[in-house]
Amino acid sequence: MPDVRGHFLDDERYDWSRPESQEFYGTMLGAYPKASSARRILATSGIDNDSIDFAQPPRDYWNQALEVAARSGRTRKLAQIVRADPLITAYHSRLDRLMGGNPAPPEAPSPAKEPVVWRGGEVVTGTQETFLDVSFLHHGLRAAESVVRLSPITEEEKAYHGTGFLIAADTILTNHHVLHDRNGRRVKHVDIWFDYELGPEGRLRNVERYAGDVTTIIGDAAHDWAILRTQKPMERPYGTLSLRPSKPVMKGDFVYIIQHPEGRPKKIGLLHNEVVDVSEDRVQYLTDTLPGSSGSPVCNELWEVVALHYRGIKGDICKNEGILIDRVVDGLTVHGLLQPAASR
């Protein structure tokens with residue numbers, strides 16, 4: 001069925017599900033990453049700056065600014081003012097397309113091809129700032145506590161590795177394909193390793209090993225998730241990860257994956273980690289993974305889980321893919337494994 005929606009620049013509500021809306025957001029973020037320049041261009045477009053919190057990071061105040069622009073019917077005016085700005089000529093051809101009759105972006109361009117705009121002095125080399133508060137490291141170590149190495153064994157005595165993470169004191173989330181064989185049968189045994197990682201002195205920590213209770217495996221093959229519990233209670237409490245992020249994941253975001261690639265000691269993927277596509281069910285990103293990383297948490301900069309990693313994709317751009325965590329939450333809720341979100 002053809003898309004009968006109007007032009008995204010004329011919508012009264014900024015539709016974040018549209019690729020062109022996400023690309024325009026990325027353009028604003030890249031062209032005006034500083035609050036002073038964002039204030040200038042918004043004010044010139046007739047958009048009320050007083051209703052926008054510029055104390056937030058740029059990605060957040062531009063999110064808010066575009067929603068304010070849409071409600072006031074000034075998104076197209078904003079695009080026209082930006083297109084006339086001689087300081088951002090690197091973005092003009094993209095803006096011409098976005099303002100035209102066929103604004104849909106091309107298939108996931110490589111971030112390496114994005115323009116870098118020199119503003120004098122020093123430079124943000126990508127399309128948006130990548131600065132993180134130092135607290136990111138502290139919270140990341142806390143999040144890493146919940147991540148485990150899984151070593152399932154099938155009925156055919158085949159062994160392999162996967163990754164999982166605690167979502168409750170006794171519940172581990174991973175992929176359906178990690179806990180089932182190719183015929184969809186549950187594995188017959190799973191070893192669960194906590195703390196399989198290098199400590200600050202460069203030596204392996206003492207690993208806490210548990211056997212998984214395979215009778216507790218519940219999951220969904222379509223959205224490739226499954227849960228598992230241990231046969232006996234854990235000897236000490238570990239941190240858990242929430243499955244309800246405070247904001248939606250979008251194209252251009254950065255995601256971080258704590259994982260056991262190839263069954264190796266715990267690693268984190270945090271370089272060239274841009275989200276290149278988001279759909280109703282999937283999130284695609286450039287963050288590194290390997291076999292054995294299936295079932296890892298895909299986290300935003302707040303260490304909130306936004307997707308469940310499950311595979312890599314070969315194409316014009318090699319990338320990795322996870323199940324949007326909303327779909328996993330839907331399944332867990334239907335099975336009574338997670339309480340419905342409280343109404344606001």
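Assorted remarks:
- Residue within segment 28-35 that is loosely packed, with under 14 Cβ neighbours inside 10 Å and either of a type outside the set (Phe, Trp, Tyr) or under 23 Å from residue 247 (Cα atoms) (or both) present: yes
- Evaluated against (1) surrounded by 17 or more Cβ atoms within 10 Å (Cβ to Cβ); (2) in contact (Cβ under 8 Å) with a residue 12 or more places away in the chain; (3) not assigned by TED's automatic domain parsing to the domain that holds residue 186, residue 271 falls short on exactly one condition, (1).
- Once segment 72-109 is narrowed to residues that are among the charged types (D, E, K, R) and part of a loop (DSSP other than H, G, I, E, B), the residue that is modelled with the lowest pLDDT is 107.
- Filtered by the rule that a residue be assigned to a strand (DSSP E or B) and not aromatic (Phe, Trp, Tyr), segment 308-344 gives 308, 309, 311, 312, 313, 319, 320, 321, 322, 323, 324.
- Top-ranked residue of segment 122-170 - restricted to ones that are among the hydroxyl-bearing types (Ser, Thr, Tyr) and in a strand (DSSP E or B), ranked as nearest to the chain's Cα centre (by Cα): 163
- Taken together, the criteria exclude residue 205 from residues that are without any contact (Cβ under 8 Å) to a residue 40 or more places away in the chain, surrounded by fewer than 17 Cβ atoms within 10 Å (Cβ to Cβ) and assigned by TED's automatic domain parsing to the domain that holds residue 298.
- No other residue among 293, 246 is of a type in the set (Ser, Thr, Tyr), in contact with a Leu (Cβ under 9 Å, 6 or more places away or on another chain) and either in contact (Cβ under 8 Å) with a residue 24 or more places away in the chain or assigned to a loop (DSSP other than H, G, I, E, B) (or both) apart from 246.
- Selection from segment 222-243 of residues that are in contact with a Leu (Cβ under 8 Å, 6 or more places away or on another chain) and not charged (D, E, K, R): 225, 226, 227, 228, 238, 239, 240, 241, 243
- Flag if residue 255 is within 9 Å of the chain's Cα centre (by Cα) and either among the hydroxyl-bearing types (Ser, Thr, Tyr) or within 20 Å of residue 174 (Cα to Cα) (or both): yes
- Taken as a whole, the condition of being farther than 22 Å from residue 130 by Cα, of a type in the set (Gly, Ala, Ser), in contact with a helix residue (DSSP H, G or I) (Cβ under 8 Å, 6 or more places away or on another chain) and at pLDDT below 90 does not apply to residue 69.
- Residues located in segment 314-344, provided they are closer than 21 Å to residue 289 by Cα and loosely packed, with under 12 Cβ neighbours inside 10 Å: 314, 315, 316, 318
- Any hit, segment 223-241, residues being under 30 Å from residue 62 (Cβ atoms), in contact (Cβ under 8 Å) with a residue 12 or more places away in the chain and surrounded by 17 or more Cβ atoms within 10 Å (Cβ to Cβ): yes
The values are calculated or read from the model by the stated rules, or taken from the named source; none is laboratory data. Remember, predicted model here, so these are calculated numbers, not experimental data. Cβ: placed from backbone, ideal geometry, glycine included. Neighbour counts: every protein chain shown.
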